[in-house]
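Some notes on the structure that comes next.
Each reported figure results from applying straightforward, stated rules to the coordinates on display, with no laboratory input. All figures in this text were calculated on a predicted structure; none of them were measured in a lab. Note that we place each Cβ from the backbone using ideal geometry, even for glycine, and neighbour counts take in every protein chain shown.
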Amino acid sequence: MQPSNGLKLARDFADSIRYSGDCIEDLKPLDQRSEESYGLMRDHLYANELLVSESVTPSLYQAVARVLERLNIQPSAVSAFVYASSEINANCLLSSSNVCILRFSSGLIEILNENELEFIVAHELGHFLCEHLADSRSNGGVGIEGVIQLRAQEISADRIGLVGCESLDIALKAILKTVSGLSDQYLRFDVSKFVSQLKEVSGEDSLNSEFSHPSMLVRCRALLWFSMSHAYLDVNDYNSNDLKTLDERVKVDMDRYVDASSRKIIEYAKFETAMWIAANSIIQKEKFSKTDQSKFEADFGKKALVSLIQLVSELGKRESEDFIFGQLKAARKNLEEMIPATFNSELSKLQWS
Ligand SMILES: [Zn+2]
């Protein structure tokens, strides 16, 4: 999709601060709505929800307008609606063209002040600029890999959120409010104390005692680091290198606190697939040579080697072939469901030679 000239500047900027872990391009088309379904959706919203406008909701309108200006997005590209619900929610609907619809629940609007709302508006517009489609949360078929990607997308969107509201304090408070659902009435927010807590957390134990929601901690820490980066402090400097270092720190946090178990599951599925690919290629040969045996053992362990030898001696060649092929098919299918977007490229790395 070619961005229109009006959005090019904003998209280039968003790309320049995009979190490097937010990188699976193939997932994008899953979420894109056709022009037609986008039009139907817009008609539905006009009929059933409240359009944010200068005359009816002036303060919301102004908040959105300020963010659009800061992010270099022309107002005609965005329409915003409020819908009645006590849930704390915001989302962004895209079409294949360069326009988007923002939706905010009334429950969300109730607990945020105008500046905090700016963060949320800019965060959602971050999904738009990065072409994430936040709606993919309800979209099936993205696999475990897709869920990891969705979490990484939040890091990118938070960065745009910060640029859009221009204050780390406000951004952190908005995150805290949306995660807890609490308003100012209940939330005593001491930013400097919170920030020093974020800086101190280094090990898993201290994390567990202080934060019940690790992904919130990771988001806040990632945003804190970003707020101190050259890329943020000098937004015109697209080539600043410190984001790379910063992204590596974020990835360590994400891997440790959020994505570890998901990644382990994917790694195991790859291991299984690779093992059956190897077994399948071995069973096609005349004999299981010593070289192949030691390679199989090196790659998959002694137990796997012993089991394979036993399998062939018990079932015979023909039946083993069928069995191994069945296992291979199942393992491939399992892996494909976990990583639909990168399956083909990952599979090519698992070939046995
Ligand atoms: Zn988001």
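Computed over the chain, relative contact order equals 17 percent, with contacts defined as Cα pairs under 8 Å that lie 6+ residues apart. Between Phe13, Ser261, Leu162, the Cα set farthest toward the positive side of the dipole of the chain (charges on each charged residue's Cβ, about the Cα centre) is that of Ser261.
One decimal place: the segment Ser353-Ser183 gains 55.2 nm when fully extended, by the rule 0.36 nm per residue minus the C-alpha distance. Length available on full extension from Val191 to Glu336: 0.36 nm per residue minus the Cα-Cα distance, which gives 47.8 nm. When the chain is described by a simple charge dipole with +1 on each Lys and Arg Cβ and -1 on each Asp and Glu Cβ, the residue from Gln149, Leu308, Ser215 located farthest towards its positive end is Leu308.
Model label points for Asn89 and Lys287, set 7 angstrom from Cα along the Cα-to-Cβ axis, are 6.6 nm apart.
Using a Förster distance of 51 Å, how high is the FRET efficiency between Asn344 and Asp169, based on the Cβ-Cβ distance and rounded to 0.05?
E between Asn344 and Asp169, to the nearest 0.05, is 0.70.
In this label model, Ser215 and Ser307 are separated by 3.3 nm, measuring between points 7 Å along each Cα→Cβ vector.
Here the chain carries DSSP beta bridges of which approximately 50% are antiparallel, counting only pairs with both residues inside. Taking the charge dipole of the chain about its Cα centre, with +1 at Lys and Arg Cβ atoms and -1 at Asp and Glu Cβ atoms, the residue from Phe104, Val250, Ile282 reaching farthest to the positive side is Ile282. Please state the charge dipole magnitude for region 223-293, taken about the Cα centre, from unit charges on C-beta atoms (+1 on K and R, -1 on D and E), reported in debye and rounded to the nearest 20. Rounded to the nearest 20 debye, it is 500 debye.
Hey, got the dipole for region 267-349? About the Cα centre, +1 on K and R Cβ, -1 on D and E Cβ, debye to the nearest 20? Don't skip to the end; give the middle numbers.
On the way: 13 positive and 13 negative charges, 45 e Å.
The dipole of region 267-349 has a size of about 220 debye.
Estimated from helices alone, the mean residue ellipticity of the chain at 222 nm is -20500 deg cm²/dmol (sum of -39500 (n - 2.57) over DSSP H runs with n ≥ 4, per residue). For the chain, the dipole from Cβ point charges (+1 on Lys and Arg, -1 on Asp and Glu) about the Cα centre works out to 1020 debye, to the nearest 20.
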